[in-house]
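S.K.: Quick one: the structure is below, questions incoming.
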Amino acid sequence: AWRREPPTGRPSRLRAAMFKHGAGGRLPPDVRRNDWRAQAKSSVDGVRDQKYRSNALRIEVKLAELLARTPPGEPRALEDHPQPNRFRTAACMELLGDLCDIAGPFSASLRAIREELAKGIYSDYYLADSDARAFDQLPYFSVVERLAGEKVKMAEELKQWQEEVEARDRAVRVLEETNQTTRTSVNRALSMNENTQAKLLETQARVVEADADARAAEDELRKLRLELNATKEELLLTRAENLQLKGPTGALTPRPDWNAIDPHGKENYEADRTLDLIHSVLDELKIFKAKTDDLAKYEEAKALIEPEAEARDPFEGVAEEEEAATTKEAPETSDVDGDDEVAKAAPREEEGPPKLRTLGKGPELPRFLRSVDDKVLVKKLSKRDTEEFIQEVWEGKKKSDAHRKLPFALHEYLYEHLREKHGGVHADAVEAGYNLMEALRKFSYDADVALFLEVLTGALCEDVYNDRNEMTRALEEYLPLAAGHDNLIGREDLYVALREFFPSKSEESHAALRKALSKDQSEGEFVDFIKLFEEDANLNQGEFVTTLFEQHWMEIRAYAQEVSEAIEGAERVEPGSNLALLAAVREALRKHDPTKSLEDVDAECARGAQFATSSNVALQCSLGAVVDVDTFKTKLHVGLVKRADNFDLKALLKYRAPPEQSGGDAASAEA
């Protein structure tokens, strides 16, 4: 069995020619094998073997000659701590054989000792000489030296192989990341393409609607022109009748000449009678206006006496209803001769200030949108004005909630805030409310505006806003600690820090954050994270913060929908019933999110079932408590429902220094 040597820089013939005797290998017939006996005999070739007075002298002289034949630079056998040598070992074995010949009765014993020593000194490995025509048996110390050298070389080769494997692993990871980034870009491009197509279809639909509205407006204008002509004709006929009815005094009713027949000679002027008539009409108009104002106040009071509606989007479906009503009431078009003359004769209507159509005064509307008028004046709000008003409402509601046992909902507080802002006048508050809703829908691309609109219409609970503020404060504190700098962090280090702070975000979400970051700060190895949270003159955030805020409330809304579906899947008490065991609902919540602690699950169950404390949940489950599934979901979503690791404060705790202990606590801790 030939021994395979590890590859090296220079191939060695001796290394390849080493083999182990007795392992099944055979040598060619022209190659001889020198065991230790043959090596012992060959070691004394050329040494003089003369006759001496004693055998001891002969062996001593022979040993001296053998040592003299040791190659220069190698230690002699009598020196301190010599290294073993194959030649000297073979020579000593040969001289030991000579001693056995002259030992007399000890010859047999010495020969046996010599054989045992040879077995302990020489191994079963053979190594070829310089011409590879003979193989010499190797002592163990030679084998050990060779194996030690081979071990060192194998360790070096292993290290080289490990470095090569690590380099290939790194290359594979880079390829995987590149592939993931490319896949994310492709998916986003496809999504953007779908959105563009949807917007194109929506624009086309709006064009069709605009054409239909224009045709309806033309028909309405034609109808008004016809009515105006008819009114003009009636006016001319009425004037003619009035002229026929006038008497000699010029009044509509014929009267005698009172000045001519006045026996006292007093004059009665027509102007005085006209002035008295005007004053009388003005008095009646004032009375009518007062009654009209009282009626308007009554209508307002009647609208406000209804309780506040639940939070919802009041404009949902309004556009479709208006379109259907317009289509139903549109007049039939007809080709009538003389339309041009009618158009020329019709007076041109003077355009007034722009107005917004109201939704009425029904109890289904929030109070800040209940209007007794059909339209309100348009007062456009800028982006900055809208954001400043939103911040004003949040701050005012925070102060209001601190003084109330039962805080207002956002849409309830908004009405109180608008009434106070406009001196208690309901009409002015409603006008501001409609203009605010118009601005919120116009600037809903902004994260702050979108979140306010979602909470105002009941799509999200108010705690989402508070949770976002907590997330922002924690992230602003975490980044300088993770970076070790006040405002700069390496781009790759920022990616790692974001993954640690947001462990539950998907790869697509992290890729979106990286893309948004590249839009804000596209160049450089380092990122100024302080500038990421700055706002411009219109209070617009950068792409990174906008994307982060949008992901926050969209992830919470998606998670809340998943929780509702999990609760809906709880087993009912009876088929077709809406009642379910509280224990089944609790188990559905626990299975949906195993990362949540049992205390968090019980807190959600307590809120949905309207228990005073979460400690009653386990006992109520044991007692077989039953809940209405729809009511449970409604009460549950009044508060915040989100993943426990939506953002991880443990990442901040890793860098933050522990709080200082008091003297007694420090002494006890030290003890």
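The values are calculated or read from the model by the stated rules, or taken from the named source; none is laboratory data. In this text, all values refer to a predicted model and were calculated from it rather than measured experimentally. Because the Cβ atoms are built from the backbone with ideal geometry, glycine has one as well, and the counts that use them run over all protein chains shown. The protein model used for the area step is the full one, side chains on, heavy atoms only, and it has no ligands, DNA or RNA in it. Shrake-Rupley method; radii C 1.70, N 1.55, O 1.52, S 1.80 Å.
S.K.: Residue by residue through the stretch 121-139, note down the ones that are at pLDDT below 85 and open to solvent by 40 Å² or more (accessible area, probe 1.4 Å).
M.R.: Of everything in the stretch 121-139, those that are at pLDDT below 85 and open to solvent by 40 Å² or more (accessible area, probe 1.4 Å) turn out to be D124, Y125, D129, S130, D131, R133.
S.K.: Of the residues that sit in the stretch 483-512 and are in contact with a strand residue (DSSP E or B) (Cβ under 7 Å, 6 or more places away or on another chain), in a helix (DSSP H, G or I) and open to solvent by 10 Å² or more (accessible area, probe 1.4 Å), which one is nearest to T182 (Cα to Cα)?
M.R.: Among those residues, the one meeting the criterion is R491.
S.K.: Still on this model: For the stretch 573-586, indicate whether the set of residues that are of a type in the set (D, E), touching a helix residue (DSSP H, G or I) at 6+ places or on another chain (Cβ under 9 Å) and either open to solvent by less than 60 Å² (accessible area, probe 1.4 Å) or part of a loop (DSSP other than H, G, I, E, B) (or both) is non-empty.
M.R.: Taking the stretch 573-586 as the starting set, the residues that turn out to be of a type in the set (D, E) are 574.
With the extra rule that they be touching a helix residue (DSSP H, G or I) at 6+ places or on another chain (Cβ under 9 Å), the set shrinks to none.
No, the stretch 573-586 has no match at all.
S.K.: Here is a further query. Quick one: in the stretch 267-317, which of the residues that are small (G, A, S) and under 22 Å from E412 (Cα atoms) is modelled with the highest pLDDT? Please lay out each step first, then the result.
M.R.: Taking the stretch 267-317 as the starting set, the residues that turn out to be small (G, A, S) are 271, 280, 290, 296, 301, 303, 309, 311, 317.
Filter again for under 22 Å from E412 (Cα atoms), leaving 301, 303, 309, 311.
Values: A301: 64, A303: 60, A309: 75, A311: 79.
The qualifying residue modelled with the highest pLDDT is A311.
S.K.: Of everything in the stretch 402-434 that's open to solvent by 40 Å² or more (accessible area, probe 1.4 Å) and either in contact with a His (Cβ under 6 Å, 6 or more places away or on another chain) or of a type in the set (D, E, K, R) (or both), which residue is nearest to T386 (Cα to Cα)?
M.R.: Kept after step one, since they are open to solvent by 40 Å² or more (accessible area, probe 1.4 Å), are these residues of the stretch 402-434: 402-408, 412, 416, 419-423, 425, 427-428.
Checking which are either in contact with a His (Cβ under 6 Å, 6 or more places away or on another chain) or of a type in the set (D, E, K, R) (or both) leaves us with 404-405, 412, 416, 419-421, 428.
Numbers: R404: 27, K405: 29, E412: 19, E416: 18, R419: 18, E420: 18, K421: 15, D428: 17 Å.
Looking at residues that are open to solvent by 40 Å² or more (accessible area, probe 1.4 Å) and either in contact with a His (Cβ under 6 Å, 6 or more places away or on another chain) or of a type in the set (D, E, K, R) (or both), I get K421.
S.K.: Has the stretch 520-531 got any residue that is touching a residue at least 24 places away in the same chain (Cβ under 8 Å), in a helix (DSSP H, G or I) and open to solvent by less than 50 Å² (accessible area, probe 1.4 Å)?
M.R.: yes
S.K.: Can you go through E565, E599 and tell me which one is of a type in the set (D, E, K, R), assigned to a helix (DSSP H, G or I), open to solvent by 50 Å² or more (accessible area, probe 1.4 Å) and touching a residue at least 12 places away in the same chain (Cβ under 8 Å)? Explain how you work it out, then say what you get.
M.R.: Numbers: E565 fails: touching a residue at least 12 places away in the same chain (Cβ under 8 Å).
E599 is the lone residue from the list that is of a type in the set (D, E, K, R), assigned to a helix (DSSP H, G or I), open to solvent by 50 Å² or more (accessible area, probe 1.4 Å) and touching a residue at least 12 places away in the same chain (Cβ under 8 Å).
Let's see how each residue does on (1) at pLDDT 85 or above; (2) open to solvent by 40 Å² or more (accessible area, probe 1.4 Å); (3) under 30 Å from S43 (Cα atoms):
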{"site": "A103", "(1), (2), (3)": "no, no, yes"}
{"site": "A108", "(1), (2), (3)": "yes, yes, yes"}
{"site": "K153", "(1), (2), (3)": "yes, yes, no"}
{"site": "V174", "(1), (2), (3)": "yes, yes, no"}
{"site": "T184", "(1), (2), (3)": "yes, no, no"}
{"site": "S191", "(1), (2), (3)": "yes, yes, no"}
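S.K.: Taking the stretch 604-615 as the region of interest, how many residues are assigned to a helix (DSSP H, G or I) and open to solvent by 50 Å² or more (accessible area, probe 1.4 Å)? Give the derivation first.
M.R.: Keep residues of the stretch 604-615 that are assigned to a helix (DSSP H, G or I), which gives 604-609.
So of that shortlist, the ones also open to solvent by 50 Å² or more (accessible area, probe 1.4 Å) come out as 607.
The qualifying residues number 1.
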